[in-house]
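These notes concern the structure reproduced below.
The values are calculated or read from the model by the stated rules, or taken from the named source; none is laboratory data. As the structure is a prediction and not an experimental result, all values here were calculated from the model. Here Cβ is always computed from backbone atoms with ideal geometry, including for glycine, and neighbour counts include all displayed protein chains.
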Amino acid sequence: MIRLAIVDDDLTLANALKKELIEFEEISSINCYDGGTRLLDDLERQQEGQRPHLIVMDISMRLPDEGITITSLVRSRYPDIQVVMFTITDADDMIFNAFKAGAMGYLLKNEKPAFVLKTIQDVLNGGAQMSPSIARKTISFLNPAKKGENSAASGSELLSPRELEVLRQVEKGITYDKIAESLNISTHTVKKHMMNIFQKLQVKNKVSALRKAEHLF
């Protein structure tokens, strides 16, 4: 069972999200906070077994980048707690700084509850997840320069055709379950392909894999 915290200075929105997510049987508890300071104070008081497994964090609260600052503090003090950004902000610098601070997911607030839950589960299982539009922006701003044909060829040779197809669909923000359905394989097989991709590209998550393979799309 998953323990969550939601941090948003608009408690009406935080409680609305809580009401939607608590309906899922995978979620055991959700605490809402109207700011990062209150969250940090509560985490310090809580025992390890009481702390959330994952925090759903807004970026712009009392300060424009408060969520990023709090994410960095949480990840340094409590490395077992994961963070997913949940915000209306899609500015390139905010996305980059959120991941740099330690967030492993970045969702826009128009995502459906089922996709939010899927993201939470993916992150807690060691992956990373983004809204499709954020995934495209991430590829764009992390691409320092166009790769040459030789680089593209070597990348294509490194990954199998099926692995490339899986990675292309991940780049579009498609969930593992949907990828499995479209390729007529099991979700377990999709995850195995992703693990092989991580090993071949020498990365640890989807964000890094997409960054390293952007010239293949």
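Please go through segment 33-46 and give me each residue that is buried (at least 19 other Cβ atoms within 10 Å of the Cβ) and either acidic (Asp, Glu) or modelled with pLDDT of 95 or more (or both), ordered by number.
33, 39, 43
Determine, yes or no, whether residue 60 is of a type in the set (S, T, N, Q) and either in the same structural domain as residue 190 (by TED's automatic domain parsing) or within 13 Å of residue 3 (Cα to Cα) (or both).
Working: of a type in the set (S, T, N, Q): yes; either in the same structural domain as residue 190 (by TED's automatic domain parsing) or within 13 Å of residue 3 (Cα to Cα) (or both): no.
No, not satisfied.
Yes/no per residue for (1) more than 22 Å from residue 167 (Cα to Cα); (2) polar (S, T, N, Q):
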| residue | (1), (2) |
| --- | --- |
| 102 | yes, no |
| 106 | no, no |
| 109 | yes, no |
| 116 | no, no |
| 125 | no, yes |
| 130 | no, no |
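Of everything in segment 72-129, what is closer than 18 Å to residue 53 by Cβ, assigned to a strand (DSSP E or B) and among the β-branched types (Val, Ile, Thr)? Give them in sequence order.
83, 84, listed by residue number.
Yes or no, residue by residue, for (1) acidic (Asp, Glu); (2) touching a residue at least 40 places away in the same chain (Cβ under 8 Å):
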| position | (1), (2) |
| --- | --- |
| 13 | no, yes |
| 17 | no, yes |
| 20 | yes, yes |
| 28 | no, no |
| 36 | no, no |
| 41 | yes, no |
| 47 | no, no |
| 53 | no, yes |
| 56 | no, yes |
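For segment 101-111, give me the residue count where each residue is touching a helix residue (DSSP H, G or I) at 6+ places or on another chain (Cβ under 9 Å) and surrounded by fewer than 20 Cβ atoms within 10 Å (Cβ to Cβ).
Adding up the residues that qualify gives 5.
Residue check: is residue 98 buried (at least 18 other Cβ atoms within 10 Å of the Cβ) and modelled with pLDDT of 90 or more?
Taking the combined requirement at face value, the residue satisfies it.
Name the pairs whose Cβ atoms lie under 6 Å apart, with the first residue in segment 112-123 and under 11 Å from residue 21 (Cα atoms), the second aromatic (Phe, Trp, Tyr) and not in a helix (DSSP H, G or I), and 6 or more positions between them or separate chains?
Here the result reads 117/24, each pair linking segment 112-123 to a residue that is aromatic (Phe, Trp, Tyr) and not in a helix (DSSP H, G or I).
Across segment 47-73, what is the number of residues that are over 19 Å from the mean Cα position of the chain (by Cα), at pLDDT below 95 and surrounded by 14 or more Cβ atoms within 10 Å (Cβ to Cβ)?
2
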